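These notes are about the structure you will find just below.
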Amino acid sequence: MNFNLNKEVQVSETEQFKIFVEEFDKNIDFLDEFTTLIKWNSRIISFRTDKNSYFIDTNLIDNSIQTLRSIKLCCSIGSFSDSNTLIRRLRDDLLLYIFILDITNQRKTFLDEDIKNLNFENPESFVKTFSKIHFNPNLTDNEKAVDAWLGNRVQELPRNIKMKLSFENYMKFLKQNENISRILIDYNLNSYWNELTKRLNNYVHNNGREFTNHNLIKHNDKILKTFLKNVNIRTSYITSFFIVLISMVESALMCSTDTIDHLDCGIEPPEDSQYEIAPFIQTFIDEKVAKLHPELKQYLINNNNYGMKIK
């Protein structure tokens, strides 16, 4: 008997899915270009203690690109409960990257007293006093959590420290940045962010029969277009919010390659070229971030933490 006669049409074969992919892939392409940009610019960011030293690489962003591809695959077979569960994973991993950057930036790597004793009168004095600098052995609970995550020792942490590696704590910590707090409140991002969290948690915890049924969507379901649209809205929001947070925490990562390109060619870089952002980031801000709120882009122009030239 030929069972292929009754082969069911897949979601991936529908016109709605093809339209969905055109928009969805913009987030994949953006994060892929962003990690390439970071690696090309070779900006070194390191987290150091008196015992350990780690470089902050782009693995969490690269991992998020794979998660986006997995989300698309789940959508292609109608598994929207799974796709939304992965959207929460996407949110948490991108927020973890921001959290690590901000913790690293705020850490006092060396003892204050040693820094005060640095002598800049001449090279010999500087070398002598610099050699006496000691790494700061004191870590906050957030720093202990980051140190353990980077060193693959999270399972060894007591529960109260391990819980620092949670979405709730990431947001609590990031909101201490006045600019981030203002963005969430003044530009109405907080309400959708909270609503998104509730929706994603319902999928993760399977809070009712409806969420099970959302994993069984067929190609001819009337609600297919709505489910695909919601996935695009949620992933675009998370990716857009990610670049908003980057602009507040480490906007230099958005720097174009102009300065390095000129230096590699033995040419003097144009004045202030180190403040130019990569063209693809400008395009993403214009097409995606600006949709979050009409006045948000101007706020990023005025308040990103390194004065990068967003237009």
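Of all residues in the stretch 37-85, those being closer than 22 Å to residue 105 by Cα and of a type in the set (Ser, Thr, Tyr) number 6.
Within the stretch 62-76, residues that are farther than 16 Å from residue 93 by Cβ sit with their Cβ atoms under 7 Å from residues that are modelled with pLDDT under 95 and not in a helix (DSSP H, G or I), at 6+ positions apart or across chains, in these pairs: 76/10. With respect to the conditions (1) farther than 24 Å from residue 69 by Cα; (2) at pLDDT 95 or above, residue 275 lacks only one, and its number is (2).
From the list 61, 65, 71, 77, exactly one residue is modelled with pLDDT of 95 or more, of a type in the set (A, V, I, L, M, F, W, C), more than 20 Å from residue 240 (Cβ to Cβ) and touching a helix residue (DSSP H, G or I) at 6+ places or on another chain (Cβ under 8 Å). Which is it? Outline the logic, then answer.
Values: 61 fails: more than 20 Å from residue 240 (Cβ to Cβ); 65 fails: more than 20 Å from residue 240 (Cβ to Cβ); 71 fails: more than 20 Å from residue 240 (Cβ to Cβ).
Just one listed residue meets the conditions, 77.
Across the stretch 25-69, the qualifying residues are those that are open to solvent by 50 Å² or more (accessible area, probe 1.4 Å) and small (Gly, Ala, Ser), and the one among them that is farthest from residue 238 (Cα to Cα) is 53. Within the bounds of the stretch 77-84, is there any residue that is in a helix (DSSP H, G or I), in contact (Cβ under 8 Å) with a residue 24 or more places away in the chain, surrounded by fewer than 19 Cβ atoms within 10 Å (Cβ to Cβ) and not polar (S, T, N, Q)? There is at least one residue in the stretch 77-84 that is in a helix (DSSP H, G or I), in contact (Cβ under 8 Å) with a residue 24 or more places away in the chain, surrounded by fewer than 19 Cβ atoms within 10 Å (Cβ to Cβ) and not polar (S, T, N, Q).
Go through the stretch 265-287 and count every residue that is open to solvent by 20 Å² or more (accessible area, probe 1.4 Å), under 22 Å from residue 45 (Cα atoms) and in a helix (DSSP H, G or I). Reasoning before the result, please.
Looking only at the stretch 265-287, we keep the residues that are open to solvent by 20 Å² or more (accessible area, probe 1.4 Å), and these are 265-272, 274-276, 279-280, 282-283, 286-287.
Okay, now just the ones that are also under 22 Å from residue 45 (Cα atoms), so 272, 274-276.
Within this subset, residues satisfying the condition of being in a helix (DSSP H, G or I) are 274-275.
Residues in the stretch 265-287 being open to solvent by 20 Å² or more (accessible area, probe 1.4 Å), under 22 Å from residue 45 (Cα atoms) and in a helix (DSSP H, G or I): 2 in total.
Which residue is surrounded by the fewest Cβ atoms within 10 Å (Cβ to Cβ), if the candidates are limited to the stretch 85-97 and must be closer than 19 Å to residue 20 by Cβ and in contact (Cβ under 8 Å) with a residue 24 or more places away in the chain?
Our first condition is that a residue be closer than 19 Å to residue 20 by Cβ; within the stretch 85-97, this holds for 85-87, 90.
Now drop any that are not in contact (Cβ under 8 Å) with a residue 24 or more places away in the chain, which leaves 85, 87, 90.
On the way: 85: 21, 87: 26, 90: 25.
Only one residue tops the list, namely 85.
Counting only residues that are in a helix (DSSP H, G or I) and open to solvent by 20 Å² or more (accessible area, probe 1.4 Å), the stretch 174-196 holds 11 of them. Give the stretch 204-260 a look and list any residue that's assigned to a helix (DSSP H, G or I), under 30 Å from residue 309 (Cβ atoms) and at pLDDT below 95, or say none. If the condition is that a residue be assigned to a helix (DSSP H, G or I), under 30 Å from residue 309 (Cβ atoms) and at pLDDT below 95, then 258, 259, 260 are the ones that fit.
Selection within the stretch 98-113: residues that are under 14 Å from residue 54 (Cβ atoms) and without any contact (Cβ under 8 Å) to a residue 60 or more places away in the chain. The member of this set that is surrounded by the fewest Cβ atoms within 10 Å (Cβ to Cβ) is 104.
Mind listing just one residue for me: the one in the stretch 154-171 that is over 15 Å from residue 89 (Cα atoms), outside any helix (DSSP H, G or I) and touching a helix residue (DSSP H, G or I) at 6+ places or on another chain (Cβ under 8 Å) and, of those, most open to solvent (accessible area, probe 1.4 Å)? Going through the qualifying residues, I end up with 163.
Could you please let me know if residue 34 is over 26 Å from residue 204 (Cα atoms), modelled with pLDDT of 95 or more and not β-branched (Val, Ile, Thr)? Yes, satisfied. Within the stretch 41-56, residues that are farther than 23 Å from residue 93 by Cα reach partners that are open to solvent by less than 80 Å² (accessible area, probe 1.4 Å) and assigned to a loop (DSSP other than H, G, I, E, B) with beta carbons closer than 6 Å, at six or more positions or on different chains, in the pairs 50/137. Candidates are the residues of the stretch 288-301 that are without any contact (Cβ under 8 Å) to a residue 24 or more places away in the chain and in a helix (DSSP H, G or I); the one that is most open to solvent (accessible area, probe 1.4 Å) is 298. Criterion first (at pLDDT below 85, part of a helix (DSSP H, G or I) and either under 18 Å from residue 55 (Cβ atoms) or not hydroxyl-bearing (Ser, Thr, Tyr) (or both)) does residue 126 satisfy it? Yes: the conditions hold for residue 126.
Would the stretch 241-253 turn up any residue that is open to solvent by 10 Å² or more (accessible area, probe 1.4 Å) and either free of Cβ contacts under 8 Å to residues at least 60 places away in the same chain or of a type in the set (Lys, Arg) (or both)? Looking for residues that are open to solvent by 10 Å² or more (accessible area, probe 1.4 Å) and either free of Cβ contacts under 8 Å to residues at least 60 places away in the same chain or of a type in the set (Lys, Arg) (or both), one finds none in the stretch 241-253, hence no.
The values are calculated or read from the model by the stated rules, or taken from the named source; none is laboratory data. None of these values were measured; they are calculated from a predicted model. Positions of Cβ are backbone-derived with ideal geometry, glycine not excepted, and every protein chain shown enters the neighbour counts. We work out accessible area using only protein heavy atoms, side chains counted, and drop any ligands, DNA or RNA first. Shrake-Rupley method; radii C 1.70, N 1.55, O 1.52, S 1.80 Å.
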